[in-house]
Amino acid sequence: MKSVQPLDRIGSRIPIDGMYIKRESNQGSESNWNLVFGDEARKVNPLFDVKVKRDELILSSIANEDWSDYNEFEAKQHPAWYEQVNGQYQPNKVYYGNLIESKIGALKEAQAKNDLEGIETWTKSLEEAIADFNRAPGIVPYVVGLNHTAEIAAANGVAEPSDEYFDSKWNSPLAASQGKFAQNMWYDNAYFAENQQLKEHIETLVAGSFPTSTDSAATVVAESKEDSIQSIITEQQENSESSLQDISFQNVLLHNLKFAYKPSLNLVEELYK
């Protein structure tokens, strides 16, 4: 059995071009953690190269104080979360709406625990995210706790979602949770559209373990989709970025969010009366 090792159990940051995997021992309950690279990592995670490219762009963006290349890369990975403005991709209101939703959840948790330091921290963080939301381009999404009623929207100083949003492609759990308008398999990732030889190489490596573009439709449907593989990348990305969290909010843009399926308007009204 193989799995990804959290950073705090290893004691140092995972290299950009590496990944820790766990191999169960045949001698008992003990297991070994091994750092793997290249094809060995790809066999465990077909989207390993996407993770590596993202990490490289994060470090480069921090060093150069320029996030344009990173945003362009992420806009292809998560098109529902980005808008192009004057030729440059920027996180949009749907992205910040989900970021705000996660911060609201963290603030409520701190309030429930009477964690005064946590309350202060998350209140400030939430205020900053709301300011970013107002400045961001794109359609105004429906966000529980931010603008689900006229009163709450006014209190937070944000616009309410319009009928245009509710009738749009952005109004879906997939757009909110993954920043995508349609589900896709790992081999349909935008990165492989630009790196066909790499895609073919990885498909050869993982054939029999993961679905490939040559499998029948029935086989593909039966297998796990890209989001299940993406969960491996997410954990790796959180680990590799943990030491950079104080440098810029961008280095945890898409990897620490916890999204929830939005309830009906009637349920929201009951919960937030």
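The values are calculated or read from the model by the stated rules, or taken from the named source; none is laboratory data. Because the structure is predicted, anything quoted here is derived from the model rather than measured. With ideal geometry, Cβ positions are generated from the backbone for all residues, glycine too; neighbour counts draw on all protein chains shown. Ligands, DNA and RNA are stripped out before the accessible areas are found, and what is left, the full protein with its side chains, is counted by its heavy atoms. Shrake-Rupley method; radii C 1.70, N 1.55, O 1.52, S 1.80 Å.
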For this session: Would you check if TRP81 is open to solvent by less than 30 Å² (accessible area, probe 1.4 Å) and under 27 Å from TRP186 (Cβ atoms)?
Result: yes
For this session: For region 17-33, indicate whether the set of residues that are at pLDDT below 95, within 28 Å of ASN184 (Cβ to Cβ) and acidic (Asp, Glu) is non-empty.
Result: yes
Exercise. Would you say GLN178 is among the polar types (S, T, N, Q) and at pLDDT 95 or above?
Worked result: no
For this session: Evaluate the following for ILE139: is it under 22 Å from SER172 (Cα atoms), open to solvent by less than 20 Å² (accessible area, probe 1.4 Å), among the β-branched types (Val, Ile, Thr) and modelled with pLDDT of 95 or more?
Result: no
Exercise. Of the residues SER231, SER224, which single one is open to solvent by 30 Å² or more (accessible area, probe 1.4 Å), part of a loop (DSSP other than H, G, I, E, B) and modelled with pLDDT under 95?
Worked result: SER224
For this session: Tally the residues that are acidic (Asp, Glu), assigned by the TED database to the domain that holds LEU205 and open to solvent by less than 30 Å² (accessible area, probe 1.4 Å), restricting the search to region 41-78.
Result: 2
